[in-house]
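Written out below as structure tokens is the structure these notes cover.
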Amino acid sequence: MASNNLSVLEALDTARTQWYHAKAIVIAGMGFFTDAYDLFCISTVSKLLGRLYYPEHTTDGNPGKLPTHINNAVIGVALVGTLSGQLVFGWLGDKLGRKKVYGITLILMVICAICSGLSFGFSPKAVIGTLCFFRFWLGFGIGGDYPLSATIMSEYANKRTRGSFIAAVFAMQGVGIIFAGLVSMIVSHIFLKANRAPSYEDNPVLSTQKNADYAWRIVLMIGALPALLTYYWRIQMPETGRYTAVIEGNAKQAAADMGRVLDIEIQAEQEKLAMFKANNDYPLNSRKFINRHGRHLIGTMTTWFLLDIAFYSQNLTQKDIFPVMGLTKKAKQVNALEEMFETSRAMFVIAMFGTFPGYWFTVAFIEKLGRFNIQLMGFFMMSIFMFIIGIKYDALATHENRWLFAGLYGLTFFFANFGPNSTTFVLPAELFPTRVRSTCHAMSAAAGKAGAMVGAFGIQTYTLQGDRHKIKKAMIILAVTNMLGFFFTFLVTETKGRSLEEISGEDGSKDKAEAQMSNRGDREVQEI
């Protein structure tokens, strides 16, 4: 540790792992649990919405489904909200403080999760319009959770286990996806038992249960519960010591807050803080920032953008691929609630055995293998498996090979999460200075959501009709985007085992290096 670092920052970097770390992981992690549940539960109910509100939309002997543009809006509008929320709340997190803005995002998520299950009217236009309106604002709140959760966890953690802690917060996304499938499965099963109905091919009218209209609303509203349960703990957390000291300039308050949390005595060092702040008082659009961190910002934004094209395409289109795998029956062979149950069950199985383990492999190995190596490996393996699925799709999409197909598909999820889906979240929380950390993470995450929108509005159109040729093309496109992600990873650097100030140069190490380079250059000019 450089000697000119502040005592409060050194104390945080060298603190033993203790109860407050676990508490911070749970509090920040429950936000991510809610984010994932709210973003992905829509996939389990979108087919039910089509049967309920657009029963006349198909003429090919299949049940009604959402028109393509409405399906894209229902699934994609939360992503547009998330992108907006990331940029707004990320910037506010650096201006007003991590803690203050954190509470606002949670309240917004609770209110909008409840309201997304309500309707202003009964017509398809009123129901879908209300749903899209509240899911946009739900996404806006979710967006704020990304930079704030990551920044709070990185600024609380010690340098030995920081990567594991930030990855553990993000791993709650996997738990949220599992619960989205599980809750939808339980709710649809309960409604199914109480509302038995024939399949669509036996009776098109009676196959859509009227009470099913309550099922999708309950699933969406349950998303408010986890956020509500952690609200008290979230507002009880003190502001991070790094924000209080470095941005607010209050060394005494930072020392008091972190001393109480760590249960140790910390010196205030107000005079030393003034020098520390003077060395790091440069804005995001300055030449100094661009020279020091421009390459890293391009790296974190491009890799997250490319990763989310694949990751969200996989999650949002899996409902269309399940029938091809044989994990669900064809739409006309089941009634409305059966289709919801089977889609939820398949999503739950893929998440439990493919998605979920990958997150925790990252938590376990990120401090051993490093962020850089895990990201490279993940992108490479995703590319390989998606190329195999794309090229051999016709052979895999048969009844005999359905388990091989499911296994390969599950492996793409595993290496997304034991790979770039986790590391693209961790790296922006570590690479940038305290003054702009939340904003830079927000910009990286927003680039990711732009990629997710490419998946929702672009790639998903290839899979909606269940056309084998189009699904095959989608898989090959995703394989190429992953390979591009592999190459763009070389723009970022390894952050393992170093303090945040050492990584960002806030400890003065980069100033010294730049001064030495400048002196060497001056001497060379004089010699010439």
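Laid out as a table, the results:
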| item | result |
| --- | --- |
| Exposure of LYS100 as accessible area (Å², to 10), given a probe of 1.4 Å and all protein chains | 130 Å² |
| Mean ellipticity per residue at 222 nm, deg cm²/dmol - from DSSP H runs of n ≥ 4 across the chain, formula -39500 (n - 2.57) | -24500 deg cm²/dmol |
| Descending semi-axes in whole angstrom, ellipsoid equivalent of the range 250-301, from the Cα gyration tensor | 31, 15, 7 |
| Carbon plus sulfur fraction of accessible area for the range 230-300, probe 1.4 Å, in percent | 52 percent |
| Sites VAL205 and GLN267, calculated FRET efficiency, Cβ-Cβ separation with R0 56 Å, nearest 0.05 | 0.15 |
| Neighbourhood charge, 15 Å Cβ-Cβ cut-off, centred on ASN421 and excluding it, Lys, Arg +1 and Asp, Glu -1 | 0 |
| Karplus 3J(HN,Hα) series, Hz, for the range 125-140 with 6.51 cos²θ - 1.76 cosθ + 1.60 (x for Gly, Pro) | 4, 5, 5, 5, x, 4, 4, 5, 4, 6, 6, 5, 6, 4, x, 4 |
| Column: log10 I(q)/I(0), Debye, Cα scatterers of the range 302-452, q = 0.12, 0.16, 0.20 Å⁻¹ | -0.56, -0.90, -1.21 |
| Globularity index of the chain, i.e. its alpha-carbon radius of gyration over 2.2 N^0.38 Å | 1.03 |
| Theoretical gain in end-to-end length, THR17 to ALA274 [0.36 nm per residue, Cα-Cα removed] | 89.6 nm |
| The range 10-81 and the range 227-285: distance between their alpha carbon centers, rounded to Å | 33 Å |
| Fraction in percent of alpha-carbon pairs per bin - 10 Å, the range 36-128 | 13, 39, 27, 15, 6, 1 |
| Environment charge of MET153, counting only residues whose C-beta is closer than 15 Å and scoring Lys/Arg +1, Asp/Glu -1 | +3 |
| Carbon plus sulfur fraction of accessible area for the range 397-505, probe 1.4 Å, in percent | 67 percent |
| For the range 383-388, 3J(HN,Hα) per residue [Karplus equation, 6.51 cos²θ - 1.76 cosθ + 1.60, θ = phi - 60°, Hz, x = Gly/Pro] | 4, 4, 5, 6, 5, 4 |
| Percent RCO, i.e. relative contact order, over the range 377-490, from Cα pairs under 8 Å lying at least 6 residues apart | 43 percent |
| Computed FRET value (nearest 0.05) for GLN236 with ILE186, which takes r as the C-beta separation and R₀ as 45 Å | 0.90 |
| Under 5 Å, built H, 5+ apart or other chain: amide partners of VAL334 | TYR200, GLU201 |
| Estimated vicinal HN-Hα couplings, Hz - the range 23-33 in sequence order (Karplus 6.51, -1.76, 1.60; Gly, Pro = x) | 5, 5, 4, 5, 5, 5, x, 5, x, 6, 4 |
| Cβ-Cβ FRET estimate between ILE218 and GLU400, R0 fixed at 30 Å, reported to 0.05 | 0.20 |
| Heavy-atom surface of the range 372-502, accessible at 1.4 Å and reported per residue (Å²) | 33 Å² |
| The chain: relative contact order in percent, alpha carbon pairs under 8 Å with at least 6 residues between | 24 percent |
| Accessible area expressed per residue, the range 236-283, with surrounding protein chains retained (probe 1.4 Å, Å²) | 52 Å² |
| Within-14-Å neighbourhood charge of GLY29 [Cβ basis; K, R +1; D, E -1] | 0 |
| Whole-percent carbon and sulfur share, accessible surface of the range 8-150, 1.4 Å | 71 percent |
| Restricting the range 205-301 to GluC sites (Glu not before Pro) in coil, as DSSP defines it, with at most 10 other Cβ within 10 Å | GLU265 |
| Highest to lowest packing among 228-236, 166-174, 420-428, 128-136, scored as the average C-beta count within 10 Å | 420-428, 166-174, 128-136, 228-236 |
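The values are calculated or read from the model by the stated rules, or taken from the named source; none is laboratory data. Note that the structure is a prediction, hence the values are computed from the model and not measured. Reconstructed Cβ throughout: ideal geometry from the backbone, glycine too, with neighbour counts over all protein chains shown. Only protein heavy atoms, including side chains, enter the accessible area calculation; ligands, DNA and RNA are left aside. Shrake-Rupley method; radii C 1.70, N 1.55, O 1.52, S 1.80 Å.
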